[in-house]
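One structure is given below, encoded as structure tokens.
The values are calculated or read from the model by the stated rules, or taken from the named source; none is laboratory data. Only a predicted model underlies this, so the values are computations on that prediction, with no experimental measurement involved. Note: ideal-geometry Cβ built from the backbone for every residue, glycine included; neighbour counts use all protein chains shown.
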Amino acid sequence: MAETTTAYAGNTYTADLAPGSLITQDGQIQWAGLLIGPGTPFNIDRSGLTGWEDLPEYDASDAERPTSHGAWPGSRYAKPRKIGGTIVLVPEFNGVPEAIRALRQALALLDEERWLTVRLHGELLAVRARIAQRVVPADQGFATQGSSKMSVQWLASDPRRYTVNEQSASTTAPQPETGLNWLPNGLTWPLNWGEAKSTGDAVVDNTGSAPTSPVIVFRGPCSMPTVTERVSKRRLRYAIDLAAGDELVIDTANGTVMLNNTASRRHTAMADSSPEELFLLEPGRTELSFRPDASTPQAVMTVRWRSADW
């Protein structure tokens, strides 16, 4: 009974809690601050969720061939993901009125997206979503016993599903080798040039099936902070001097460039800099190079990302 009570009592159900922070077993769903599934007053109908494992709908820029069969294949861009399910309110649990009020609060119209997390076969994946529809039949069973089957639909503007744990990788600016060691009797063979203290390269691994949008943080002191993806040669470069302690945060998903979380510096992007929204980490291993024009050993680039799946 204690587990049942904590599922809906004393919580703010619209709180944007960390994804999966309430989930303890397979089959559970966490929507913002509400836990749904086994061990709670809210079960998922045996039909399960729709739109969760499906590929999202997409727009295609294919161009029909005017003098031949078929079309030239173009880019495809996924539309928002629609996720639906039927929640069964279990009347055997005590506190049905409280549970109903919890559902009303959690399944409300909100402007901001929240984390929707699903655990299946030990895997936790999450999307940012909003409630798009809630249908609750006020039938005889609902009126007399509190039992009901309510249909719920979420809409995720970003159709990608993300791992709940954010990963990060950091590197300092490149530092040269120490050079040859000149002994009193001259150089000795084999020559030892020393090892570089930092190569300025960072490796990130997107273990999913969809490209993901990283957050990149440059910390000074450095000038003209630049990051380059070594295969595609896409780069982000900004004409700005960062003092010690300054941080330039590039959120590629939202296309923002913020200095110390207070002022936009997107206008400092150089002509050879890619649009922030197009700087994606493809599935698999990606090598990024941090190459400021001038820096000290204290200059650091940090990359944060979540692996993404369709």
Checking the condition under 17 Å from R161 (Cα atoms), at pLDDT 85 or above and assigned by TED's automatic domain parsing to the domain that holds M150, which residue from L22, L35, L55 passes? L55
Could you please find all residues in segment 92-148 being surrounded by 13 or more Cβ atoms within 10 Å (Cβ to Cβ) and either of a type in the set (S, T, Y) or at pLDDT below 70 (or both)? F93, G95, V96, T117, G141, F142, G146, S147, S148
Counting only strands (runs of 3 or more DSSP E) entirely within segment 13-103, those with at least 1 residues that are touching a Pro at 6+ places or on another chain (Cβ under 6 Å) are 76-78, 81-89
Among D309, D293, D241, D205, which is the only one that is touching a residue at least 24 places away in the same chain (Cβ under 8 Å) and farther than 27 Å from R161 by Cα? D293
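Among what's in segment 211-231 and is assigned to a loop (DSSP other than H, G, I, E, B) and touching an Asp or Glu at 6+ places or on another chain (Cβ under 6 Å), pick the residue that is farthest from Q167 (Cα to Cα).
Per the criteria, the residue is M224.
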